[in-house]
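Just below is one structure, and these are the notes that go with it.
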Amino acid sequence: LNAQGRPIVFSVLIMDKSDSMDIHGNAPKDAINQHIRTLKADEENFHVTGVVGFASEYSVDIPMNVASEVSELVQYNTNGYTCLYETVELVLSALLEKVSPIEIPYRVVLAVFSDGEDNKSQRPLYPEKLQVISKKVIQLGWELRCVGFGIDAHFIAQQMGFQTWNAKSMANSTCNIEYSVRDITSGLRLSPDILKIINDSRRFQGATEK
């Protein structure tokens, strides 16, 4: 990664695409594309981003790449059930494999947006399998966010093994879809000093676990 001295920020948006999200029309797509445009315009940070959707199955809607090389989302189609837990676990596993070899300082933010509880992931494998990897990446300093539209986001976060103080419950409205993505995006911009604090904390935590 040729970050040219800029803070490296990995971010993944995981967006609900189940049938119930149909009421929001193209709002999720528009919010995601604004997210991409904002990251591309940020000259102070080096962004690597991607977008994954979930319904009855997961879909890689925007493959992980340097933000400047990422194409905007062309369409957002809803269908099926809510395979939330399995999708998040697969994303965390793939992302962990991608960033683990990187030795220079970086930040990882994963944000989940859903209007319903999981009703498709295989039981009893999930959510326990997801909770294991969530605990692992939180110990590495990753930030796992959860936004619930018309549902208890704190409960969903707890089920996924996320820290509940990183969860936000909102009314299930189209404007909140747009606001919540914008809120996550704005939090991805950070100064080199803040990144140093994040990575110093990560190194201290790793040392105490040895």
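The values are calculated or read from the model by the stated rules, or taken from the named source; none is laboratory data. Since this is a predicted model, take the numbers as computed values, not measurements. Cβ placement follows ideal geometry from the backbone for every residue including glycine, while neighbour counts extend to all protein chains displayed. To get the accessible areas, we keep the full protein, side chains included, count just its heavy atoms, and leave off ligands, DNA and RNA. Shrake-Rupley method; radii C 1.70, N 1.55, O 1.52, S 1.80 Å.
Mean-square fluctuations from a GNM of the chain, with a 10 angstrom spring cutoff on Cα atoms, peak among D30, D183, D61 at D183.
Please give the direction-averaged projected area of the C-alpha convex hull for region 54-115, in square nanometres with one decimal.
Numbers: hull surface 20.8 nm².
So the Cα hull casts an average projection of 5.2 nm².
Classify the chain from the C-alpha gyration tensor, please: rounded if a/c falls under 1.5, else prolate or oblate depending on whether a/b exceeds b/c. Verdict is oblate for the chain. In this simple spin-label approximation, E97 and T164 carry label points 7 Å from Cα along the Cα→Cβ vector, and these lie 3.4 nm apart.
Split the accessible area of the chain by element, probe 1.4 Å, and carbon with sulfur accounts for 50%. Ranked by the mean number of other Cβ atoms within 10 Å per residue, highest first, peptides 103-112, 9-18 order as 9-18, 103-112. How high is the FRET efficiency from N79 to S173, r the C-beta distance, R0 22 Å, rounded to 0.05? The calculated FRET efficiency here is 0.55. Across the chain, the mean sequence separation of Cα contacts (distance under 8 Å, 6 or more residues apart), normalised by length, yields a relative contact order of 24 percent. Residues whose amide H comes within less than 5 Å of that of D61, counting only those at least five positions distant or on another chain, are V51, V52, G53 (H built at 1.01 Å from N in the peptide plane).
Divide the volume of the convex hull of the Cα atoms of region 122-192 by its number of residues and quote the answer in cubic angstrom per residue.
Numbers: hull volume 7.0 nm³, N = 71.
Per-residue hull volume (Cα only) is 98 Å³.
One decimal place: the segment K136-Q34 gains 33.6 nm when fully extended, by the rule 0.36 nm per residue minus the C-alpha distance.
For region 4-72, the normalised intensity computed at q = 0.15, 0.17, 0.18 Å⁻¹ comes to -0.51, -0.62, -0.68 (log10 of I(q)/I(0), Debye sum over alpha carbons, equal scatterers, no solvent).
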